[in-house]
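Inspection log for the structure reproduced underneath, given as structure tokens.
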Amino acid sequence: MPGKEDSSDKEKHLELFLKIGLDERTARNTVANNKVTANLVSVIHEADVTDGCSRTVGNLLYTVATKYPANALVHRPTLLEYIVSSKIKTTAQLDSALSFFASTASDDFKLNEFEEACGVGVEVSVEEIEQTVSEVFEENKNVILEQRYRTNVGELLGHIRKRRPWADLKIVKQFVDKKLYDILGERTAADDEKTSKKKKDKPDKIEVKAIAVVTPEQPSEEELNPFLIFPQPEENFKVHTEVFFSEGSVLRCCNTKELLEKHLKATGGKVLTRFPPEPNGYLHIGHAKAMFIDFGLAKERGGGCYLRYDDTNPQAEKKEYIDHIEEIVHWMGWEPLKITYTSDYFQDLYDLAVELIRRGHAYVDHQTPDEIKEYREKKMNSPWRDRPVAESLKLFDDMRKGLIEEGKATLRMKQDMQSDNYNMYDLIAYRIKFTPHPHAGDKWCIYPSYDYAHCIVDSLENITHSLCTLEFETRRASYYWLLHALGLYQPYVWEYSRLNVTNTVMSKRKLNRLVTEKWVDGWDDPRLMTLAGLRRRGVTSTSINAFVRGVGITRSDNSTINLDRLEYHIREELNKTAPRVMVVLHPLKVVITNLEAGSIIDLDAKKRPEAQSDDASAFYKVPFCNIVYIEHSDFRMKDSKDYYGLAPGKSVLLRYAFPIKCTDVILADDKETVLEIRAEYDPSKKTKPKGVLHWVAEPSPGVDPLRVEVRLFDKLFRSENPAELDDWLADLNPQSKVLIPSAYAVPFLQNAAIGDRFQFERLGYFVVDRESTPEKLVFNRTVTLRDSYGKGGK
């Protein structure tokens, strides 16, 4: 797999990390993280301590590997020299050095200013530390005596560090502990007791509440604006990526002043991003996060985002997918600056491939796919790698003209077959495919690869921020290598974590199999996490975007978000917007014996709980007569204290109507199945039962209520992560779709249109499905009323 190490590499790295003094646990945790491993290996080689060093130096090197600012990589060798020579030997000094370089970036600096900022050469004696500790304790003596061992030691250390920033913190802490003991003596039982909160009388409580209202907890800047982490376009001259070559050289990727000025002139300094889906399937909720980041950053900075179809594979693209993507992007609330296709740039890409060959950075190869795989595994060069440039130019022209058979030749980039990065193993730039292109027609029989085309089109479109998911992080080296080799403008690349949600699959291969093998009812099946499926289920684009924003723009690569979290945001919106109505899924007939047959009483039912009596639009009419229907599950033959439904001799309130009391039960011949209930109603409403039931009545004598079809959707898979299972299809939930063909609904729903959303009281949120007809409405359950996520936090 790309970017993954074999066991022998891991053992070598573990041995190397132990040599520099890391404890075994830290070393093993580091080896498990490919990115930190790559950084630390680079730092160790750069510091020239592959044979080992002291634990103190090793720990400082580890900090450099994990915290060094990416915009100042050009200065890292200088810092490492100071660490190895012990001119920088404490964490305090290193923290100051890291801050210094973060603000300096790739600019030149004066060594004397750096040394002053980091305390190089400053020695703080034990006597000076002891004196400073005594001074701080004297100034805070009253507080210390009052709070005793509950004193905030961190605050005391902060005061000391301000005065002696380069003092050894271990020695400082020893003196602080000794001073506390000298003043306070032995700890007592009272020192270890937990402080209990004092009860306050009513005036105090009122005061506290008033304070809470005046000074609410403010969200952080990052929560208010998640895009603050991204640099401005004019800052894209700083080194933030290094490419290490097997022969020892390092490519520090950054734009020249001339390239950046040309770019800024073309863009006017605006942020330009791109959302680049492949038109080979329907978009899913993971793409919603990509859209939020790509379109959201551009919108927040007053720039624009391209919708670019990455259509380099003519065999996979379909017009159906292209049309769907454009339509769903607009539905999600985003407006592209321009719609482009990678195929728009096929001529530019071809011309640049010729230039790459001329510069000695590409060659025509004749290895088969199996041979390429074998040579990569052995880190061996292709036998055609060093063929003359003129020969590769002639063969590449033959490839373009269709003179070479499909599979007999490829154009490969001449990168680094001995690199530690799999994605530098002479990646393929062009393949022969005698297939017409859906967008470009039959002009081409050679097509560029993603690895070749993606970065070049980013550059040609003057993209400022090229944002993608973390699995592309190891491709960053190839991305910058190619742009550097061609002398092209280099966008700022940043990766974020994929959005994974529990109880579903989101790989296009698995989704395609579910659809093509008819496990689900098409790409917009409401059980799928495709955006079309979520929309058909009744989920709004605004609730999806709220969910994505809540998840955040994270780089954690192992997070799976619980489905409950998405459902929380769906309920939050629908609870405010969906009118409430009554529908009975499994009708049980109730005959009200003390109401005259044929008598109809029109009642007002609330569309929303906060409806005001003087607002007619907040109510709808429901007929009440002597034949009503309740849910089968709302009746039992045996009552109990914790049961609030109907039972023989028991009363319940019919919502918006009257209390009824069960007086008789009609059973089937088996003496168990309940066929019908007889009841009496209380027109005075003096009865105050605890239970409240939803119901539907005959709209007119002898006429059944409105029949509707209801589809109850649940999780598609039983396991939280079905993609990890070998037989993932066996994990499909057989109850993920339950069809109720003849539910009863109130007349108000008769004119519901496709896409209208409602809350069915006590049942959940539902939407009118596209398969509805005037003769029969079909409702899809969007989500239940239950909210387990909201109780735990957002």
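The values are calculated or read from the model by the stated rules, or taken from the named source; none is laboratory data. What you are looking at is a predicted structure, and each value in this text was computed from that prediction instead of being measured. Virtual Cβ from ideal backbone geometry, glycine too; neighbours counted across all protein chains shown. Only protein heavy atoms, including side chains, enter the accessible area calculation; ligands, DNA and RNA are left aside. Shrake-Rupley method; radii C 1.70, N 1.55, O 1.52, S 1.80 Å.
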*With each run of n ≥ 4 DSSP H residues scored as -39500 (n - 2.57), what mean residue ellipticity at 222 nm is computed for the chain after dividing by its residue count and rounding to the nearest 500 deg cm²/dmol?*
-11000 deg cm²/dmol
*Please identify the GluC sites (Glu not before Pro) of segment 20-99 that satisfy two criteria: DSSP loop assignment and at most 13 other Cβ atoms within 10 Å. Which are they?*
none
*Could you state the number of Å between the C-alpha centres of segment 527-598 and segment 698-769?*
11 Å
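Can you tell me, using C-alpha contacts under 8 Å and at least 6 residues apart, the relative contact order of segment 581-705 as a whole percent?
31 percent
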*Probe 1.4 Å, protein heavy atoms only - accessible area per residue of the chain in square angstrom*: 50 Å²
*Quick one: pull the percentage of alpha-carbon pairs in segment 249-294 with a separation above 12 Å.*
74 percent
*If the convex hull of the alpha-carbon atoms of segment 581-705 is projected onto planes in all directions, what is the mean projected area in square nanometres?*
8.5 nm²
*Over segment 267-496, what relative contact order in percent results from Cα pairs under 8 Å that are six or more residues apart?*
19 percent
*Give, to the nearest whole percent, the P(r) tail of segment 635-794 beyond 21 angstrom, counting all Cα pairs.*
64 percent
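Could you give the C-alpha radius of gyration of segment 267-496 expressed as a fraction of 2.2 N^0.38 Å, taking N as the number of residues it contains? Numbers along the way, then the final one.
Working: Rg = 18.0 Å, N = 230, 2.2 N^0.38 = 17.4 Å.
After normalising by residue count via 2.2 N^0.38 Å, the value is 1.04.
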_J(HN,Hα) series, segment 618-631, from Karplus relation 6.51 cos²θ - 1.76 cosθ + 1.60, nearest Hz, glycine and proline x_ = 8, 10, 9, 8, 10, x, 10, 9, 7, 10, 10, 10, 10, 6
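Quote the FRET efficiency, to the nearest 0.05, computed for THR593 versus ASP521 with a Förster distance R0 of 35 Å and r equal to the Cβ-Cβ distance.
Efficiency, from the Cβ-Cβ distance: 0.20.
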_Distance violations [Cα-Cα > 27 Å] among LYS378/LYS408; LYS10/LYS378; LYS338/LYS715; LYS319/LYS715; LYS576/LYS688; LYS589/LYS685_ = LYS338/LYS715; LYS319/LYS715; LYS576/LYS688
*Based on the Kirkwood radius over alpha-carbon pairs, what value in µm²/s does the Stokes-Einstein equation return for the translational diffusion coefficient of the chain at 4 °C and 1.567 mPa s?*
40 µm²/s
*Which whole-number percent of Cα pairs in segment 126-187 have a distance greater than 19 Å?*
21 percent
*Roughly how many percent of the accessible protein surface of the chain is carbon and sulfur, given a 1.4 Å probe and a whole-percent answer?*
49 percent
_Please enumerate, by chain and number, the aspartates and glutamates with C-alpha under 18 Å from the C-alpha of LYS379, excluding those fewer than 8 residues away in the same chain._
GLU5, ASP6, ASP9, GLU247, ASP365, ASP370, GLU371, ASP416, ASP420, ASP426
*Would you give the gap between the C-alpha center of segment 20-75 and the C-alpha center of segment 131-176, rounded to a whole Å?*
32 Å
*asked:* Please compare each pair in LYS433/LYS518; LYS607/LYS776; LYS19/LYS89; LYS35/LYS67; LYS270/LYS318 to a cut-off of 21 Å on the Cα-Cα distance and tell me which ones are over it.
replied: LYS433/LYS518; LYS607/LYS776; LYS270/LYS318
*For segment 38-175, what is the Kirkwood estimate of the hydrodynamic radius, computed as the reciprocal of the mean inverse distance between distinct Cα atoms, to one decimal in Å?*
16.6 Å
*Hits among aspartates and glutamates - C-alpha to C-alpha of LYS162 under 13 Å, sequence gap 8 or more where chains match*: GLU135
_With a cut-off of 8 Å between alpha carbons and a minimum separation of six or more residues, what is the relative contact order of the chain in percent?_
8 percent
